[in-house]
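The values are calculated or read from the model by the stated rules, or taken from the named source; none is laboratory data. Worth saying up front: this structure is predicted, and the values here are computed from it rather than measured. Quick reminder, even Gly has a Cβ in these numbers, built from the backbone with ideal geometry, and neighbours come from all protein chains shown.
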Amino acid sequence: MAKIIDGKVVSSKIRQDLKEEVCKLKEKSISVTLAVIIVGNDPASRTYVNNKKKACSEIGIISEEYAFDENVKETELLNLIYNLNRRNDVTGILVQLPLPKHLSEKKIIESIDPKKDVDAFSEINVGKIMIGNYNFLPCTPAGIMELLTFEEIDVSGKHCVVVGRSNIVGKPMAMLMLHKNATVTICHSKTKNLKDICKTADIIVSAVGKEKFITKDMVSPGTIVIDVGMNRDKNGKLCGDVDFENVEPIASYITPVPGGVGPMTIAMLMKNTVNASTLQQ
Ligand code: GUN
(Lines give C-alpha, C1' and ligand atoms only; values in the text may rest on other atoms or scores of the structure.)
Protein backbone atom coordinates (compact mmCIF):
# COMPACT_ATOMS: atom_id res chain seq x y z
CA MET A 1 0.00 0.00 0.00
CA ALA A 2 1.42 3.35 -1.03
CA LYS A 3 1.31 6.52 0.99
CA ILE A 4 -0.99 8.94 -0.84
CA ILE A 5 0.66 12.33 -1.36
CA ASP A 6 -2.08 14.87 -0.71
CA GLY A 7 -1.62 17.92 -2.93
CA LYS A 8 -4.63 19.62 -1.41
CA VAL A 9 -3.03 19.69 2.05
CA VAL A 10 0.38 20.88 0.81
CA SER A 11 -1.06 23.49 -1.56
CA SER A 12 -3.38 24.92 1.06
CA LYS A 13 -0.41 25.47 3.39
CA ILE A 14 1.44 27.32 0.61
CA ARG A 15 -1.64 29.40 -0.16
CA GLN A 16 -2.01 30.29 3.52
CA ASP A 17 1.61 31.51 3.69
CA LEU A 18 1.06 33.53 0.51
CA LYS A 19 -2.08 35.08 1.94
CA GLU A 20 -0.04 36.39 4.88
CA GLU A 21 2.64 37.67 2.50
CA VAL A 22 0.07 39.50 0.37
CA CYS A 23 -1.36 41.04 3.57
CA LYS A 24 2.08 42.35 4.52
CA LEU A 25 2.55 43.80 1.04
CA LYS A 26 -0.83 45.55 1.34
CA GLU A 27 0.34 47.17 4.58
CA LYS A 28 3.14 48.69 2.50
CA SER A 29 0.52 49.80 -0.08
CA ILE A 30 1.72 47.20 -2.60
CA SER A 31 -1.07 45.32 -4.37
CA VAL A 32 -0.61 42.17 -6.43
CA THR A 33 -2.55 41.77 -9.69
CA LEU A 34 -2.64 38.85 -12.11
CA ALA A 35 -3.93 39.46 -15.65
CA VAL A 36 -5.35 36.27 -17.18
CA ILE A 37 -5.95 36.05 -20.93
CA ILE A 38 -8.20 33.33 -22.32
CA VAL A 39 -9.15 32.79 -25.97
CA GLY A 40 -12.06 30.66 -27.21
CA ASN A 41 -14.40 28.22 -25.47
CA ASP A 42 -12.25 25.24 -24.53
CA PRO A 43 -13.99 23.87 -21.40
CA ALA A 44 -10.74 22.63 -19.81
CA SER A 45 -9.12 26.06 -20.25
CA ARG A 46 -12.20 27.69 -18.75
CA THR A 47 -12.00 25.42 -15.69
CA TYR A 48 -8.28 26.12 -15.24
CA VAL A 49 -8.81 29.87 -15.53
CA ASN A 50 -11.71 29.82 -13.06
CA ASN A 51 -9.59 27.86 -10.58
CA LYS A 52 -6.72 30.32 -10.95
CA LYS A 53 -9.05 33.29 -10.37
CA LYS A 54 -10.55 31.58 -7.33
CA ALA A 55 -7.09 30.97 -5.86
CA CYS A 56 -6.21 34.65 -6.46
CA SER A 57 -9.28 35.84 -4.62
CA GLU A 58 -8.61 33.52 -1.65
CA ILE A 59 -5.07 34.86 -1.29
CA GLY A 60 -5.92 38.51 -1.82
CA ILE A 61 -4.44 38.79 -5.32
CA ILE A 62 -6.50 40.92 -7.71
CA SER A 63 -7.29 39.03 -10.92
CA GLU A 64 -8.29 40.63 -14.20
CA GLU A 65 -9.73 38.38 -16.88
CA TYR A 66 -9.45 39.20 -20.57
CA ALA A 67 -11.64 36.76 -22.51
CA PHE A 68 -11.62 36.77 -26.30
CA ASP A 69 -13.60 35.14 -29.04
CA GLU A 70 -11.65 32.35 -30.78
CA ASN A 71 -11.35 34.48 -33.94
CA VAL A 72 -9.50 37.28 -32.19
CA LYS A 73 -6.69 38.86 -34.19
CA GLU A 74 -3.13 38.36 -33.02
CA THR A 75 -2.51 42.13 -33.06
CA GLU A 76 -5.34 42.63 -30.60
CA LEU A 77 -3.71 40.26 -28.11
CA LEU A 78 -0.27 41.77 -28.69
CA ASN A 79 -1.67 45.27 -28.06
CA LEU A 80 -3.30 44.15 -24.85
CA ILE A 81 -0.07 42.54 -23.61
CA TYR A 82 1.86 45.67 -24.59
CA ASN A 83 -0.44 47.73 -22.37
CA LEU A 84 -0.38 45.21 -19.50
CA ASN A 85 3.44 45.20 -19.63
CA ARG A 86 3.43 48.98 -19.21
CA ARG A 87 0.96 49.09 -16.33
CA ASN A 88 2.78 49.33 -12.99
CA ASP A 89 -0.18 47.87 -11.12
CA VAL A 90 -0.14 44.60 -13.14
CA THR A 91 2.21 42.14 -11.46
CA GLY A 92 1.79 39.01 -13.57
CA ILE A 93 0.46 38.16 -17.03
CA LEU A 94 -0.76 34.71 -18.02
CA VAL A 95 -2.03 33.50 -21.40
CA GLN A 96 -3.98 30.27 -21.00
CA LEU A 97 -2.76 27.65 -23.50
CA PRO A 98 -3.50 26.17 -25.96
CA LEU A 99 -4.38 29.02 -28.29
CA PRO A 100 -6.33 28.60 -31.55
CA LYS A 101 -4.14 27.61 -34.52
CA HIS A 102 -4.15 31.00 -36.27
CA LEU A 103 -2.34 32.58 -33.30
CA SER A 104 1.40 32.19 -32.75
CA GLU A 105 1.84 30.97 -29.17
CA LYS A 106 5.53 31.73 -29.41
CA LYS A 107 5.02 35.34 -30.53
CA ILE A 108 2.39 35.96 -27.87
CA ILE A 109 4.35 34.41 -25.00
CA GLU A 110 7.50 36.25 -26.07
CA SER A 111 5.63 39.56 -25.99
CA ILE A 112 5.11 39.23 -22.20
CA ASP A 113 7.66 41.13 -20.12
CA PRO A 114 9.84 38.32 -18.64
CA LYS A 115 9.46 39.96 -15.21
CA LYS A 116 5.68 39.43 -15.48
CA ASP A 117 5.83 35.98 -17.10
CA VAL A 118 4.54 34.08 -14.06
CA ASP A 119 4.15 30.82 -16.04
CA ALA A 120 7.90 30.99 -16.84
CA PHE A 121 7.19 30.07 -20.47
CA SER A 122 9.25 32.77 -22.21
CA GLU A 123 12.61 31.91 -23.73
CA ILE A 124 14.50 33.99 -21.17
CA ASN A 125 12.79 32.31 -18.24
CA VAL A 126 13.19 28.83 -19.75
CA GLY A 127 16.91 29.58 -20.23
CA LYS A 128 17.19 30.67 -16.61
CA ILE A 129 15.59 27.42 -15.47
CA MET A 130 18.13 25.49 -17.55
CA ILE A 131 21.01 27.25 -15.79
CA GLY A 132 19.39 26.99 -12.37
CA ASN A 133 19.29 30.75 -11.78
CA TYR A 134 15.61 31.52 -11.99
CA ASN A 135 13.19 34.24 -11.04
CA PHE A 136 10.14 32.11 -11.74
CA LEU A 137 9.65 28.44 -11.09
CA PRO A 138 7.99 26.31 -13.76
CA CYS A 139 4.66 25.80 -11.93
CA THR A 140 3.92 22.08 -12.29
CA PRO A 141 7.50 20.80 -11.84
CA ALA A 142 8.06 23.17 -8.92
CA GLY A 143 4.84 21.92 -7.35
CA ILE A 144 6.08 18.35 -7.66
CA MET A 145 9.38 19.28 -5.98
CA GLU A 146 7.37 20.83 -3.13
CA LEU A 147 5.38 17.60 -2.72
CA LEU A 148 8.60 15.56 -2.56
CA THR A 149 10.11 17.98 -0.02
CA PHE A 150 6.96 17.82 2.10
CA GLU A 151 7.24 14.02 2.18
CA GLU A 152 10.99 14.36 2.98
CA ILE A 153 11.92 12.53 -0.20
CA ASP A 154 15.43 13.52 -1.27
CA VAL A 155 15.97 13.01 -5.00
CA SER A 156 19.77 13.22 -4.76
CA GLY A 157 21.36 10.16 -6.36
CA LYS A 158 17.96 8.68 -7.22
CA HIS A 159 17.02 7.51 -10.69
CA CYS A 160 14.14 9.73 -11.76
CA VAL A 161 12.32 8.73 -14.93
CA VAL A 162 10.30 11.53 -16.50
CA VAL A 163 7.82 10.24 -19.07
CA GLY A 164 6.92 13.08 -21.47
CA ARG A 165 9.14 15.81 -22.92
CA SER A 166 6.88 18.86 -23.10
CA ASN A 167 8.29 22.34 -22.61
CA ILE A 168 5.75 22.93 -19.83
CA VAL A 169 6.32 19.81 -17.72
CA GLY A 170 8.76 17.11 -18.91
CA LYS A 171 11.81 19.19 -19.75
CA PRO A 172 11.70 21.61 -16.78
CA MET A 173 10.87 18.69 -14.46
CA ALA A 174 14.05 16.93 -15.55
CA MET A 175 16.03 20.14 -14.93
CA LEU A 176 14.70 20.71 -11.41
CA MET A 177 15.49 17.11 -10.46
CA LEU A 178 18.93 17.38 -12.02
CA HIS A 179 19.61 20.56 -10.03
CA LYS A 180 18.90 18.48 -6.93
CA ASN A 181 21.45 15.86 -8.03
CA ALA A 182 19.09 13.20 -9.34
CA THR A 183 20.07 10.94 -12.21
CA VAL A 184 17.38 11.72 -14.75
CA THR A 185 16.09 9.82 -17.76
CA ILE A 186 13.58 11.53 -20.05
CA CYS A 187 11.35 9.12 -21.97
CA HIS A 188 8.98 9.98 -24.81
CA SER A 189 6.92 8.51 -27.61
CA LYS A 190 9.99 7.23 -29.49
CA THR A 191 11.68 5.66 -26.45
CA LYS A 192 12.49 1.98 -26.84
CA ASN A 193 12.01 -0.31 -23.86
CA LEU A 194 9.95 2.20 -21.88
CA LYS A 195 8.79 -0.52 -19.55
CA ASP A 196 12.36 -1.67 -18.75
CA ILE A 197 13.50 1.91 -18.10
CA CYS A 198 10.54 2.62 -15.82
CA LYS A 199 11.27 -0.57 -13.89
CA THR A 200 14.71 0.82 -12.96
CA ALA A 201 13.23 4.08 -11.60
CA ASP A 202 13.21 5.17 -7.97
CA ILE A 203 10.79 7.92 -8.97
CA ILE A 204 8.49 7.99 -12.02
CA VAL A 205 6.93 11.27 -13.12
CA SER A 206 4.33 10.71 -15.82
CA ALA A 207 3.21 13.65 -17.97
CA VAL A 208 1.84 11.90 -21.03
CA GLY A 209 -1.88 12.66 -21.13
CA LYS A 210 -3.12 9.10 -21.62
CA GLU A 211 -5.38 7.19 -19.27
CA LYS A 212 -3.82 4.05 -17.69
CA PHE A 213 -0.52 4.63 -19.52
CA ILE A 214 1.62 3.64 -16.52
CA THR A 215 0.67 0.08 -15.70
CA LYS A 216 1.63 -2.23 -12.87
CA ASP A 217 4.17 -4.15 -14.96
CA MET A 218 6.16 -0.91 -15.51
CA VAL A 219 6.60 -0.20 -11.80
CA SER A 220 8.99 -1.93 -9.42
CA PRO A 221 7.91 -2.43 -5.80
CA GLY A 222 8.66 0.65 -3.68
CA THR A 223 8.74 3.16 -6.55
CA ILE A 224 7.51 6.73 -5.95
CA VAL A 225 4.90 7.51 -8.61
CA ILE A 226 3.95 11.09 -9.53
CA ASP A 227 1.01 11.49 -11.88
CA VAL A 228 0.74 14.74 -13.86
CA GLY A 229 -1.98 13.44 -16.20
CA MET A 230 -5.36 15.20 -16.42
CA ASN A 231 -7.49 12.93 -18.57
CA ARG A 232 -11.13 11.97 -18.78
CA ASP A 233 -12.07 8.30 -18.72
CA LYS A 234 -14.92 6.85 -20.80
CA ASN A 235 -17.43 8.02 -18.19
CA GLY A 236 -16.07 11.56 -18.25
CA LYS A 237 -14.41 11.15 -14.85
CA LEU A 238 -11.10 12.95 -14.24
CA CYS A 239 -8.16 10.53 -14.15
CA GLY A 240 -4.39 10.60 -14.47
CA ASP A 241 -1.84 8.68 -16.56
CA VAL A 242 -1.36 5.98 -13.94
CA ASP A 243 -3.49 2.88 -13.55
CA PHE A 244 -3.95 3.92 -9.92
CA GLU A 245 -5.92 0.91 -8.74
CA ASN A 246 -3.22 -1.58 -9.76
CA VAL A 247 -0.10 0.56 -9.24
CA GLU A 248 -0.95 1.93 -5.80
CA PRO A 249 -0.52 -1.43 -3.99
CA ILE A 250 3.12 -1.74 -5.15
CA ALA A 251 4.29 1.90 -5.05
CA SER A 252 5.74 3.44 -1.89
CA TYR A 253 4.20 6.87 -2.54
CA ILE A 254 1.69 7.94 -5.16
CA THR A 255 -0.16 11.14 -6.12
CA PRO A 256 -3.90 10.82 -6.80
CA VAL A 257 -5.79 12.50 -9.65
CA PRO A 258 -7.55 14.70 -8.75
CA GLY A 259 -5.97 16.10 -5.58
CA GLY A 260 -2.30 15.43 -6.26
CA VAL A 261 -0.21 17.55 -8.60
CA GLY A 262 -3.09 19.73 -9.93
CA PRO A 263 -3.60 21.92 -6.85
CA MET A 264 0.17 22.40 -6.59
CA THR A 265 0.42 23.93 -10.07
CA ILE A 266 -1.98 26.69 -9.08
CA ALA A 267 -0.27 27.25 -5.72
CA MET A 268 3.08 27.71 -7.50
CA LEU A 269 1.50 30.12 -9.98
CA MET A 270 0.31 32.17 -7.01
CA LYS A 271 3.80 32.02 -5.51
CA ASN A 272 5.32 33.28 -8.77
CA THR A 273 2.80 36.11 -8.89
CA VAL A 274 3.66 37.24 -5.36
CA ASN A 275 7.38 36.91 -6.11
CA ALA A 276 6.91 38.94 -9.30
CA SER A 277 5.82 41.88 -7.21
CA THR A 278 9.09 41.76 -5.23
CA LEU A 279 11.03 41.45 -8.48
CA GLN A 280 9.34 44.56 -9.83
CA GLN A 281 9.92 46.76 -6.73
N1 GUN B 1 -2.37 25.05 -20.30
C2 GUN B 1 -2.12 23.88 -19.66
N3 GUN B 1 -1.33 24.10 -18.58
C4 GUN B 1 -1.08 25.42 -18.54
C5 GUN B 1 -0.34 26.24 -17.66
O6 GUN B 1 0.29 25.79 -16.68
N7 GUN B 1 -0.34 27.56 -17.95
C8 GUN B 1 -0.99 28.08 -19.03
N9 GUN B 1 -0.90 29.40 -19.25
N10 GUN B 1 -1.68 27.35 -19.87
C11 GUN B 1 -1.74 26.02 -19.62
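Tabulated results
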| item | result |
| --- | --- |
| Residue tally, condition part of a helix (DSSP H, G or I) and either more than 16 Å from the ligand (Cβ to nearest atom) or at pLDDT below 95 (or both), over the stretch 241-268 | 4 |
| Single unsatisfied condition, Ala35 versus (1) touching a residue at least 40 places away in the same chain (Cβ under 8 Å); (2) assigned to a helix (DSSP H, G or I); (3) under 24 Å from Thr140 (Cβ atoms) | (2) |
| Candidates Ile168, Ile129, filtered to the one that is among the β-branched types (Val, Ile, Thr) and assigned to a loop (DSSP other than H, G, I, E, B) | Ile168 |
| Considering residues of the stretch 52-72 that are part of a helix (DSSP H, G or I) and away from the ligand (no atom under 11 Å from the Cβ) only, the residue nearest to Leu18 (Cα to Cα) | Ile59 |
| Failed item in (1) more than 30 Å from Val219 (Cα to Cα); (2) hydrophobic (A, V, I, L, M, F, W, C); (3) surrounded by fewer than 18 Cβ atoms within 10 Å (Cβ to Cβ), with Leu178 passing the rest | (1) |
| Single condition Ile197 does not satisfy, out of (1) under 17 Å from the mean Cα position of the chain (by Cα); (2) among the aliphatic types (A, V, I, L, M); (3) in a helix (DSSP H, G or I); (4) over 30 Å from Arg87 (Cα atoms) | (1) |
| Odd one out for Leu84, checked against (1) over 21 Å from the mean Cα position of the chain (by Cα); (2) part of a loop (DSSP other than H, G, I, E, B); (3) not charged (D, E, K, R) | (2) |
| Test: Ile108 is at pLDDT 95 or above, assigned to a loop (DSSP other than H, G, I, E, B), more than 10 Å from the ligand (Cβ to nearest atom) and closer than 19 Å to Glu64 by Cα | no |
